[in-house]
Amino acid sequence: MNTQVKIVGVSGSPRKGATQYCVREALLAATGISGVSTEFIDLRGKEIHPCIHCNQCIKKQVDYCPTFSDDMRAYYEIILHSDGFILGSPVYQMNVTAQIQAFINRLRPLGRYITKGHWATKVGGAIAVGGTRNGGQETTLEALNNFFFCTGMNVVSGGIFAYNGAAVWSNDKKEQGAKEDDEGIDSVRILGRRVALIAKILKVGLVNLTEPIEGAILAGFSNQKELDRKIEKFIHR
Ligand SMILES: Cc1cc2nc3c(=O)[nH]c(=O)nc-3n(C[C@H](O)[C@H](O)[C@H](O)COP(=O)(O)O)c2cc1C
């Protein structure tokens, strides 16, 4: 049986430029792994309000933000049911864009799946696209990878040519600039393939387990009781 794996790519650029091209290229490379399908999410032109920490998603235990019915609504189902994620952001002041930061923060309703071990079975990889050769791609990759770390997801490194993710120099020339950065585009493709491959290996492993692993153990605890105690301590009533 060929286990099916879905990889989602998100472009955090507000325009049709280098980042959307790079994320699409990573997804294309991912489809080179058998059984992999992809979906592209373009944040360009989307209305995504920043999280206001009202905690309504947590109080109501819903899988979406009940406070803002903006464009974010369409993404919760897709994210929850995918196996691997590629987050791509332009470098803005050596960091991620406001668009992708809002997107990441607004995923808070799905945070409750951390303790179910859900994200521990998923894979993430990052792409940063700067206008300058060394303009903060690595700090941007760190910011994106930190999101994956917070969820307990397995962060995929690109290895020797894409260490902590794919770093691209667009030279401020949008798609054409990215295409001219051979090294950067190689790192994008390596990352896309690695995310897909590791997601597939993980899923095949999980599907073929003779004894299912309970969520608390996937989340790193020795049993459900230990996790419950931790949650009890963390929740302020
Ligand atoms: C507000 C702003 C801040 C930026 N800051 C940086 C930066 O710190 N380092 C850098 O290399 N490029 C910086 N850039 C340039 C973009 O990262 C670069 O042009 C990138 O390729 C844009 O991606 P896009 O074509 O997908 O929109 C900045 C651009 C803007 C608009």
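Compute the angle between helix 224-234 and the longest alpha-carbon principal axis of the chain, please, reported from 0 to 90 degrees and rounded to the nearest 10.
The angle comes out at about 70 degrees.
Rounded to the nearest 500 deg cm²/dmol, what is the calculated helix-only ellipticity per residue at 222 nm for the chain, with -39500 (n - 2.57) per DSSP H run of length n ≥ 4?
-12000 deg cm²/dmol
So if we plug the beta-carbon distance of SER157 and ASP228 into 1/(1 + (r/R0)^6) with R0 = 35 Å, what FRET efficiency do we get, rounded to 0.05?
The value I calculate is 0.60.
Tell me which of SER157, TRP169, LEU197 sits at the most positive position along the dipole axis of region 152-199, charges placed on C-beta atoms (Lys, Arg +1; Asp, Glu -1).
So the residue furthest toward the plus end is LEU197.
Nearest 5 percent is fine: what portion of the DSSP beta bridges confined to region 5-209 is antiparallel?
Within region 5-209, antiparallel bridges account for around 5 percent of the total.
Highest first, please rank the peptides 221-227, 85-91, 178-184 by the mean number of other Cβ atoms sitting within 10 Å of their residues.
By packing density, highest mean first, the sequence is 85-91, 178-184, 221-227.
Taking 30 Å as R0, compute the FRET efficiency from the Cβ-Cβ separation of GLU183 and ILE78 and round it to 0.05.
After rounding to 0.05, the efficiency reads 0.45.
State the extension gain, in nm to one decimal, for the chain segment bounded by ILE201 and ARG108, taking 0.36 nm per residue of separation less the distance between their alpha-carbons.
This chain segment gains 30.8 nm when fully extended.
Quick one: accessible area per residue over the chain, 1.4 Å probe, rounded to a whole number of Å²?
The answer is 51 Å² per residue.
Hey, can you rank 64-72, 191-199, 210-218 by average C-beta count inside 10 Å, highest first? Can you show the working numbers first?
Working: 64-72: 16.7, 191-199: 26.6, 210-218: 12.8.
Averaged packing, sorted descending, gives the order 191-199, 64-72, 210-218.
Full extension from SER69 to ARG44: what is 0.36 nm times the residue separation minus their Cα-Cα distance, to one decimal in nm?
7.2 nm is the gain from fully extending SER69 to ARG44.
Can you compute 3J(HN,Hα) from phi for each residue in region 39-45, using the Karplus curve 6.51 cos²θ - 1.76 cosθ + 1.60 with θ = phi - 60°, rounded to whole Hz and x for Gly and Pro?
With the stated coefficients, region 39-45 comes to 9, 10, 10, 9, 7, 4, x Hz.
Gain in length, ALA98 to ILE52, computed as 0.36 nm per residue apart minus the alpha-carbon separation, to one decimal in nm?
Computed gain between ALA98 and ILE52 is 15.1 nm.
The values are calculated or read from the model by the stated rules, or taken from the named source; none is laboratory data. As the structure is a computational prediction, the values presented were derived from the model and not from experiment. Note: ideal-geometry Cβ built from the backbone for every residue, glycine included; neighbour counts use all protein chains shown. Heavy atoms of the whole protein, side chains included, go into the accessibility calculation; ligands, DNA and RNA do not. Shrake-Rupley method; radii C 1.70, N 1.55, O 1.52, S 1.80 Å.
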